[in-house]
Amino acid sequence: MQKKAIDFWVGVFVLLGAASLLFLALKAGNMSSFSFDKTYDVTAKFDNIGGLKPNAAVKSAGVVVGRVTEIKFDDKSFQASVNLRMEQRYQFPKDSSAKILTAGLLGENYIGLEAGGDVKNLAAGDKISMTQSAVILENMISQFLFSKAADGKEEKK
């Protein structure tokens, strides 16, 4: 009788361990935010998306209001076309702007939405026309170095 009780508690412990591993795997893969709310899709085009990945958050005022569902290359405009799945309960004006931001200095990329002032709201299939591409750290460093090198040449003259 004592052995069955121990076997039972070992089994419970193993199940809890497996459930916690599943939770951590979903959290690490950014998949833990499944939602059954109604959604609508909008698109935005960017010159450079940096490290943006599918399923990245779409945030406004720090609140997750949607997710990136698909990233494609548009060979006509030579831009990245990003499909955003927005939750229906969050409505944004048609003239809202989107920019690719980074969580922290070297964190993951996400899309930040800023509401505009239009009276009409975005609907399924609409396009966000005002976008700002990702800031690439390597480009900023190289611009800084080139500007310092140019300053040094002017001082020698």
Which of Leu113, Leu52, Leu137 moves the most in a Gaussian network model of the chain with Cα springs under 10 Å?
Leu137
Value of [θ]222 nm, deg cm²/dmol, for the chain, DSSP H segments ≥ 4, -39500 (n - 2.57) each, nearest 500
-10500 deg cm²/dmol
Scan the chain and hand back the longest stretch that contains none of the chymotrypsin sites (Phe, Trp or Tyr not before Pro) lying in DSSP loops with at most 15 other Cβ atoms within 10 Å.
79-157
Set the bar at 24 Å for Cα to Cα. Now go through Lys99/Lys148; Lys99/Lys127; Lys76/Lys120 and name every pair that lies beyond it.
Lys99/Lys148; Lys76/Lys120
Which shape class applies to region 50-101: rounded if a/c is under 1.5, otherwise prolate when a/b exceeds b/c and oblate if not, where a ≥ b ≥ c are the square roots of the Cα gyration tensor eigenvalues?
prolate
Between Asp47 and Ser77, what is 0.36 nm times their sequence separation minus the Cα-Cα distance? Round to one decimal in nm.
9.9 nm
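Taking the solvent-accessible surface of protein heavy atoms with a 1.4 Å probe, what is the per residue accessible area of region 53-144 in Å²?
61 Å²
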Quick one: with all protein chains in place, what share of the accessible area of region 51-157 is carbon or sulfur, to the nearest percent (1.4 Å probe)?
55 percent
So if I place +1 on the C-beta of Lys and Arg and -1 on the C-beta of Asp and Glu, and nothing else carries charge, what would the dipole magnitude of the chain be about its Cα centre? I want it in debye, nearest 20.
300 debye
Which residue, Asn109, Asn83, Asn139, has the most motion in a Gaussian network model of the chain that connects Cα atoms within less than 10 Å?
Asn139
Among Leu22, Leu101, Leu145, whose mean-square fluctuation peaks in a Gaussian network model of the chain (Cα, cutoff 10 Å)?
Leu145
If each K or R counts +1 and each D or E counts -1, the residues other than Asn109 whose Cβ falls under 14 Å of its Cβ total +3
Can you compute log10 of I(q)/I(0) for the chain with the Debye formula, treating each Cα as one identical point scatterer, at q = 0.12 Å⁻¹?
-0.66
Alpha carbon centre of region 77-99 versus region 106-127: separation in Å?
4 Å
Under the Karplus curve 6.51 cos²θ - 1.76 cosθ + 1.60, θ = phi - 60°, whole-Hz ³J(HN,Hα) for region 85-102, x wherever Gly or Pro sits
9, 9, 6, 4, 6, 9, 10, 10, x, 4, 8, 5, 10, 10, 9, 8, 10, 10
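The values are calculated or read from the model by the stated rules, or taken from the named source; none is laboratory data. Quantities reported herein were computed from a predicted structural model and do not represent experimental measurements. No Cβ is skipped: glycine too gets one built from the backbone with ideal geometry, and neighbour counts run over all protein chains shown. Just the protein is used for accessible areas: all its heavy atoms, side chains included, with ligands, DNA and RNA removed. Shrake-Rupley method; radii C 1.70, N 1.55, O 1.52, S 1.80 Å.
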